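Enquirer: Next up is a structure, given as structure tokens.
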Amino acid sequence: LDRDDDEAAVQLVGIGELLDAVAHTSPAATRAEVAAAARAFERATRSHIRAERADTRALRSAARGIIRAGAALGRGEDGGTTAMLLSTLVLATLAAARWHTARGHAQQAHASRQAAEHLRTAYHQAASTSIRELHDQGRALPEAQRRRYKDTLDTHLP
């Protein structure tokens, strides 16, 4: 979104299409929030610009691939893939909100922030199982190994 207005607007449309695809294929636990995010973000992508650029075609192709995969995206034991994609989409919608704000597009910026909030909720729903499993696995480690991991984390992330 650091390009000129026309190119960035095209990217927003591609992100919107990706969100729509994820909304159709999300696991039941996150489907309502992702669909709400897609509806909100659609207002942020309204533009008269339509392009056939290669990067936009790649986003559209990814969206079609997600739809063809069906619910496979969220079928992982822990929903980790879905959580990872949702966290990326949160960042994309927040970047869109910032882009719109910088250009004085108040309604689109608000819609982007709404989409981000829905995606955050969906992310927490999708990630809760993964985080709980990681926590349980960490607690099951031998004390010496846990201490070594803790020391490593403290060293690199004080």
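Enquirer: Of the numbered conditions (1) modelled with pLDDT under 85; (2) open to solvent by less than 30 Å² (accessible area, probe 1.4 Å), GLU77 fails exactly one; give the number of that condition.
Expert: The failed condition is (2).
Enquirer: Would you confirm, using the coordinates I've provided, whether ASP4 is modelled with pLDDT under 70, closer than 23 Å to MET84 by Cα and either surrounded by fewer than 18 Cβ atoms within 10 Å (Cβ to Cβ) or in contact with a helix residue (DSSP H, G or I) (Cβ under 6 Å, 6 or more places away or on another chain) (or both)? Can you show your working first?
Expert: Values: modelled with pLDDT under 70: yes; closer than 23 Å to MET84 by Cα: no; either surrounded by fewer than 18 Cβ atoms within 10 Å (Cβ to Cβ) or in contact with a helix residue (DSSP H, G or I) (Cβ under 6 Å, 6 or more places away or on another chain) (or both): yes.
No; evaluated as a whole, the condition is false for this residue.
Enquirer: Which condition from (1) aliphatic (A, V, I, L, M); (2) in contact with a helix residue (DSSP H, G or I) (Cβ under 8 Å, 6 or more places away or on another chain); (3) modelled with pLDDT under 90; (4) surrounded by fewer than 16 Cβ atoms within 10 Å (Cβ to Cβ) is the one that LEU157 breaks?
Expert: Only one criterion is unmet by LEU157, namely (2).
Enquirer: Can you tell me which of ARG113, ARG64, ARG60 is on the phi < 0 side of the Ramachandran plot, at pLDDT 95 or above, under 17 Å from the mean Cα position of the chain (by Cα) and not acidic (Asp, Glu)? First the steps, then the outcome.
Expert: Numbers: ARG64 fails: at pLDDT 95 or above; ARG60 fails: at pLDDT 95 or above.
Going through ARG113, ARG64, ARG60 in turn, just one is on the phi < 0 side of the Ramachandran plot, at pLDDT 95 or above, under 17 Å from the mean Cα position of the chain (by Cα) and not acidic (Asp, Glu): ARG113.
Enquirer: Only one of (1) of a type in the set (Asp, Glu); (2) modelled with pLDDT under 65; (3) touching a Ser or Thr at 6+ places or on another chain (Cβ under 9 Å) fails for GLU52. Which number is that?
Expert: Here GLU52 clears every test but (3).
The values are calculated or read from the model by the stated rules, or taken from the named source; none is laboratory data. Given the structure is predicted, the values throughout are model-derived calculations rather than measurements. Glycine also receives a Cβ, built like all others from the backbone with ideal geometry; neighbour counts cover every protein chain displayed. Calculation scope for accessible area: heavy atoms of the full protein, side chains included, ligands and nucleic acids excluded. Shrake-Rupley method; radii C 1.70, N 1.55, O 1.52, S 1.80 Å.
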